[in-house]
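Data block below; observations after.
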Amino acid sequence: MRTLPLTALLLVLCILSLCVGVKPVSWAQLWALSDDAWLTLSASRLPRLAALLLTGVGLAMCGVILQQIVRNRFVEPATCGGLDAARLGLLIATTAMPTLGSGSRLMVATLFSLTASLVFILIIRRIRLRNAILVPVIGLMFGSVLSALAEFYAYRHNILQSMQGWMLGDFSKIVQGNYEIIYLILPVVLLTYFYAHRFTLLGMGEDMSTSLGLNYTATATLGLLLVSLSVAVTVITVGAIPFVGLVIPNLVALFHGDNLARSLPRVALAGAIMLLACDILGRLLIYPFEVPIGLTAGSLGGLAFLLLILWKCK
C-alpha cells in the first residue's frame, strides 16, 4: 500500500469519474472541442470530482484526528455524535433562521458538532471504559439521540420527508456555483499536516504528551475544531457520509503505523479513492439512475466496521 500505486489508482478513478454519467463524455468529443462536452465537464463533472476528492480527504483526516484525541481506533464523526450534531445544527439553522447565509449556517453546524464532540469526550473520560469496543457503541447511542432530536424537530415542522433526502450524502446536485464552500477543507488539511507531529503525541495520552512539552488542551481543542469544521462543510455541501474516517485510518495504520507525518499522505489518498470508488459504483448500479453515496459508502463502511470489530475481538 505505497504512495505510488495509490496515486496511480486515484488518477484512474478520476478519469472514470469524469467519463461516467447519464450524459456520456468521451475524450474524442473533448478533443474535437465540442461545446456540449466541455460544458458538461466544466459545469458538472469537474466540480463533482473536486468535491469528491476534498470530501474524501477531509473525512479521512477527521477520523485520524479524533482517533488520536480519544485514543480509540473505532472513533470518527459518525461514531461520536459529531456528524449527527452537525445535521441537527444545520436543520435548526435552515428552518428557524431561513435568512442566514451559507457562512452563518456553517458556523451553527460547526458549533453543534464541536459541542457534541466535547460532550462525547467528557462522557468517555467520566466512564473510563476499559473495553475499546464500548467507546464507539456509546458514541453511536449518543448520535442516535441527536438524530432522534433532529427527526422530532423535522416532524414538528413538517419537513421530515424532505430532511431524509436532504441529509443523505449525495453528489448528484454538485454543479458549478453551489459547492465552492467545500474548499474550506483545504486549510483544514494543511493545518493537519502542519500539526501532524503534535497530533501523534496526542495519541500517547495527556500525561505523556504533556511531559514531552505539548500543550495538550490547546492541541486537542484545535483538532476538534478542525474536525467540526470539516464535518459541517461536508454536511452543508453534500450531506452525511459515514464511516470514511473510521475505515481509512485503520487500514493505513495496519501497514504504516501511527506516525502521522508518514501516514497522512496515504490516508488522504485512500480517503479520496474510497469516495471516488463508492461514487462511481453508485452511478453504475442502477444506471442511468444513481444511488446516493451516503448509501454506498455507509454500506461498505459499515461492513468494514463490523469486520474490524470482529478482528479486534479475536
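The values are calculated or read from the model by the stated rules, or taken from the named source; none is laboratory data. Source: prediction; values computed, not measured. Here the Cβ positions follow ideal geometry from the backbone for every residue, glycine too, while neighbour counts run over all protein chains shown.
Below, the figures for the structure above:
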read-out: Complete set of residues in segment 201-231 that are β-branched (Val, Ile, Thr), out of contact with any Phe, Trp or Tyr (no Cβ under 9 Å at 6 or more places or on another chain) and without any contact (Cβ under 8 Å) to a residue 60 or more places away in the chain; value: Thr217, Thr221
read-out: Answer from Val244, Val238 - the residue that is in contact (Cβ under 8 Å) with a residue 24 or more places away in the chain, among the β-branched types (Val, Ile, Thr), closer than 22 Å to Ile185 by Cα and in contact with a Phe, Trp or Tyr (Cβ under 7 Å, 6 or more places away or on another chain); value: Val238
read-out: Verdict on Ala220 being touching a helix residue (DSSP H, G or I) at 6+ places or on another chain (Cβ under 7 Å), of a type outside the set (Ser, Thr, Tyr), over 30 Å from Thr95 (Cβ atoms) and surrounded by 12 or more Cβ atoms within 10 Å (Cβ to Cβ); value: yes
read-out: Test: residue in segment 108-120 that is modelled with pLDDT of 85 or more, surrounded by fewer than 24 Cβ atoms within 10 Å (Cβ to Cβ), over 26 Å from Gly205 (Cα atoms) and in contact with a helix residue (DSSP H, G or I) (Cβ under 9 Å, 6 or more places away or on another chain); value: yes
read-out: Pair list, Cβ under 8 Å, 6 or more apart: segment 137-163 residue assigned to a helix (DSSP H, G or I) and of a type in the set (Phe, Trp, Tyr), other residue surrounded by fewer than 17 Cβ atoms within 10 Å (Cβ to Cβ) and at pLDDT 90 or above; value: Phe142/Val119
read-out: Total residues in segment 285-294, condition in contact (Cβ under 8 Å) with a residue 60 or more places away in the chain, buried (at least 16 other Cβ atoms within 10 Å of the Cβ) and farther than 11 Å from Phe243 by Cα; value: 3
read-out: Sole residue being in a helix (DSSP H, G or I), surrounded by fewer than 16 Cβ atoms within 10 Å (Cβ to Cβ) and under 15 Å from the mean Cα position of the chain (by Cα), chosen from Leu186, Leu225; value: Leu186
read-out: Among (1) surrounded by 15 or more Cβ atoms within 10 Å (Cβ to Cβ); (2) modelled with pLDDT of 85 or more; (3) farther than 21 Å from Leu264 by Cβ - the single one Val12 does not satisfy; value: (1)
read-out: Filter result (surrounded by 23 or more Cβ atoms within 10 Å (Cβ to Cβ), out of contact with any Phe, Trp or Tyr (no Cβ under 6 Å at 6 or more places or on another chain) and not aliphatic (A, V, I, L, M)) within segment 40-73; value: Thr55, Gly56, Gly58, Cys62, Gly63, Gln67
read-out: Total residues in segment 272-310, condition farther than 16 Å from Phe74 by Cα and either assigned to a helix (DSSP H, G or I) or in contact with a Ser or Thr (Cβ under 7 Å, 6 or more places away or on another chain) (or both); value: 21
read-out: Filter pass, Arg126 being assigned to a helix (DSSP H, G or I), charged (D, E, K, R) and more than 20 Å from Pro292 (Cα to Cα); value: yes
read-out: Residue in segment 243-259 that is buried (at least 23 other Cβ atoms within 10 Å of the Cβ), on the phi > 0 side of the Ramachandran plot and either of a type in the set (A, V, I, L, M, F, W, C) or not in a helix (DSSP H, G or I) (or both) present; value: yes
read-out: Hey, Met1 of a type in the set (A, V, I, L, M), over 17 Å from Val238 (Cα atoms) and modelled with pLDDT under 85 or not; value: yes
